[in-house]
Amino acid sequence: MILLAIPAIAAAAYYLLAVVAAVVWRKRLAWHGGAGLRPPVSILKPVHGKDPRFYQAIRSHAMQHYREYEILFGFTDANDPAVPEIERLKREFPRLRIERVLVSSDTPNAKVGVLAELARLARYPVLLVNDSDIVVEPGYLEEVTAPLSDAGVGLVTCLYRARSDSPAAGCEALGISTEFAPSVMVARLLGQAEFALGSTMVFRAETLRQMGGFEAIGKYLADDYQLGKHIRALGLRIEFAAVVVETALGGGSWGHVWRHQLRWARTIRVSRPWGYCGFAVTQATLWALVAFAAGEWWAAAAALGLRLTAGVMTGAGILRDPKVAPNFWLMPVRDLFGFAVWMCGLFGRQVEWRDRRLELRADGTILTGPHPTEPRP
């Protein structure tokens with residue numbers, strides 16, 4: 001029966017590493033502090049539909065305490081429901097350059113096609129890309145551009161937390177803060193430094209040109225991962241800014257959350273197959289239950305205890321997610337849901353992305369073009 005405790009011991013070791021990574025993370029980021037050169041920045045925002053709290057998100061970008069920047073919004077549909085909100089933003093901030101660009105592109109990843117056009121229209125030498133539902137703090141631009149004062153840094157990204165309006169979305173948000181974020185920190189601790197997060201990607205326009213422009217990653221679904229990978233291939237480093245941003249998940253149903261998580265899982269699997277298989281070690285709740293059933297209480301307690309500790313340290317301590325500490329006891333429930341997603345993510349190549357259904361090749365490129373499906377919940 002002791003053999004049934006081995007997976008729980010491995011999970012405990014992983015989350016002990018996550019605890020160490022959280023401590024190292026906090027110390028390593030202390031030097032950033034927004035003391036960079038403050039170069040002019042072009043914010044590129046591809047938009048497809050109106051996300052929850054969309055206006056709050058884009059307004060937070062227009063309220064930055066920064067010397068010189070612009071915001072370029074790109075659409076593929078002239079009747080997109082987000083268009084009136086962009087016009088409202090332009091009226092509220094008439095002194096800030098805010099442009100709305102209609103893009104026609106046959107790029108397999110439509111978002112990347114929009115970004116390629118926005119990059120061509122950008123005025124400034126530093127580009128910032130983030131998702132349209134990201135809410136940022138007033139000092140955000142100082143924080144995320146500061147690391148670029150080091151010529152060896154090619155891209156800056158950052159962690160994020162999620163805000164939710166339903167139990168299902170709350171489950172997803174808890175996973176982001178207590179499972180996904182620790183995995184990012186462990187990967188960095190172990191030297192995995194080629195990925196970026198869509199919550200923020202800041203880089204020089206010259207670096208984008210050297211990697212071949214957005215056109216170089218237009219056939220991939222995981223454009224954030226591929227952007228980081230291509231910039232890392234130039235011999236430049238990827239750094240995390242100290243700032244944490246917030247995404248809005250809205251009030252999605254369990255079905256919506258399942259489809260979203262499954263798309264994420266399958267995208268990771270085709271981008272980093274060995275890394276995806278390695279997530280089996282992180283299933284602490286499952287292995288704790290197996291060890292408990294085998295009578296190995298000590299292994300079960302170690303796995304579950306360290307998993308909860310790492311989750312609270314990361315979610316409440318680093319991401320400052322106010323929902324983590326009072327809901328820490330829900331982490332095991334969320335873990336079992338996440339395990340079901342992980343298992344299904346091992347198979348299949350179809351994913352749903354907003355209102356499109358895509359099929360992926362084994363290397364992460366998009367096999368079929370976008371096809372309409374049902375409207376987003």
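The values are calculated or read from the model by the stated rules, or taken from the named source; none is laboratory data. Note that the structure is a prediction, hence the values are computed from the model and not measured. Cβ placement follows ideal geometry from the backbone for every residue including glycine, while neighbour counts extend to all protein chains displayed.
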Looking at (1) within 26 Å of A21 (Cα to Cα); (2) in contact with a helix residue (DSSP H, G or I) (Cβ under 6 Å, 6 or more places away or on another chain); (3) surrounded by 16 or more Cβ atoms within 10 Å (Cβ to Cβ), find the lone condition where A325 falls short. (3)
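Looking at V101, V112, which is the one that is under 17 Å from the mean Cα position of the chain (by Cα) and either part of a helix (DSSP H, G or I) or surrounded by fewer than 22 Cβ atoms within 10 Å (Cβ to Cβ) (or both)? Break it down into steps so the answer makes sense when it comes.
Working: V101 fails: under 17 Å from the mean Cα position of the chain (by Cα).
Only one candidate qualifies: V112.
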Where D335 falls short, out of the listed (1) out of contact with any Pro (no Cβ under 9 Å at 6 or more places or on another chain); (2) at pLDDT below 95; (3) not hydrophobic (A, V, I, L, M, F, W, C): (2)
Residue under question is A78, and the condition is that it be over 16 Å from the mean Cα position of the chain (by Cα), within 29 Å of K219 (Cβ to Cβ) and in a loop (DSSP other than H, G, I, E, B); does it hold? yes
How many residues does segment 242-279 contain that are farther than 16 Å from R161 by Cα and among the small types (G, A, S)? 7
Go through segment 178-200 and give me each residue that's touching a Cys at 6+ places or on another chain (Cβ under 9 Å) and of a type in the set (A, V, I, L, M). L197
Restricting attention to segment 115-136, report how many residues are assigned to a loop (DSSP other than H, G, I, E, B) and closer than 20 Å to Y160 by Cα. 5
Checked segment 203-262 for anything among the β-branched types (V, I, T) and out of contact with any Asp or Glu (no Cβ under 9 Å at 6 or more places or on another chain); matches are T207
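One line per residue, one yes/no per condition, for (1) touching a Phe, Trp or Tyr at 6+ places or on another chain (Cβ under 8 Å); (2) at pLDDT below 95; (3) aromatic (F, W, Y):
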residue: E206; (1), (2), (3): no, no, no
residue: Q210; (1), (2), (3): no, no, no
residue: F214; (1), (2), (3): no, no, yes
residue: L221; (1), (2), (3): yes, yes, no
residue: I231; (1), (2), (3): yes, no, no
residue: V244; (1), (2), (3): yes, no, no
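Does segment 47-65 hold any residues that are closer than 19 Å to R97 by Cβ and buried (at least 18 other Cβ atoms within 10 Å of the Cβ), and which are they?
V47, A57, I58, S60, H61, Q64, listed by residue number.
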Go through (1) crowded, with 22+ Cβ neighbours inside 10 Å; (2) touching a Phe, Trp or Tyr at 6+ places or on another chain (Cβ under 9 Å); (3) not β-branched (V, I, T) and name the single condition G74 misses. (2)
Criterion (free of Cβ contacts under 8 Å to residues at least 60 places away in the same chain and closer than 27 Å to G228 by Cα) met by exactly one of E99, E142, E137, E85: E99
Would you mind finding the one in R38, R53 that is modelled with pLDDT under 95 and within 22 Å of the chain's Cα centre (by Cα)? R53
Members of segment 182-233 that are more than 24 Å from E359 (Cα to Cα) and charged (D, E, K, R): R188, E194, R204, E206, R209, R232
What residue, of I58, I86, I6, is more than 25 Å from the chain's Cα centre (by Cα) and part of a helix (DSSP H, G or I)? I6
Would you say G275 is over 24 Å from Y15 (Cβ atoms) and out of contact with any strand residue (DSSP E or B) (no Cβ under 8 Å at 6 or more places or on another chain)? no
Yes or no: P375 modelled with pLDDT of 95 or more, of a type outside the set (S, T, N, Q), part of a loop (DSSP other than H, G, I, E, B) and surrounded by fewer than 18 Cβ atoms within 10 Å (Cβ to Cβ)? no
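Just checking, which of R307, R259 is surrounded by 23 or more Cβ atoms within 10 Å (Cβ to Cβ), in contact (Cβ under 8 Å) with a residue 40 or more places away in the chain, in a helix (DSSP H, G or I) and not hydroxyl-bearing (S, T, Y)?
Exactly one residue qualifies, and that residue is R307.
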Across segment 119-160, what is the number of residues that are acidic (D, E) and more than 22 Å from Y55 (Cβ to Cβ)? 3
Any chance segment 176-195 includes a residue that's small (G, A, S), buried (at least 24 other Cβ atoms within 10 Å of the Cβ) and closer than 24 Å to E246 by Cα? yes
So T247 ticks every box in (1) buried (at least 23 other Cβ atoms within 10 Å of the Cβ); (2) in a helix (DSSP H, G or I) but one. Which box is left unticked? (2)
Those residues of segment 223-244 which are under 13 Å from the mean Cα position of the chain (by Cα) and not in a helix (DSSP H, G or I), in sequence order: F240, V244
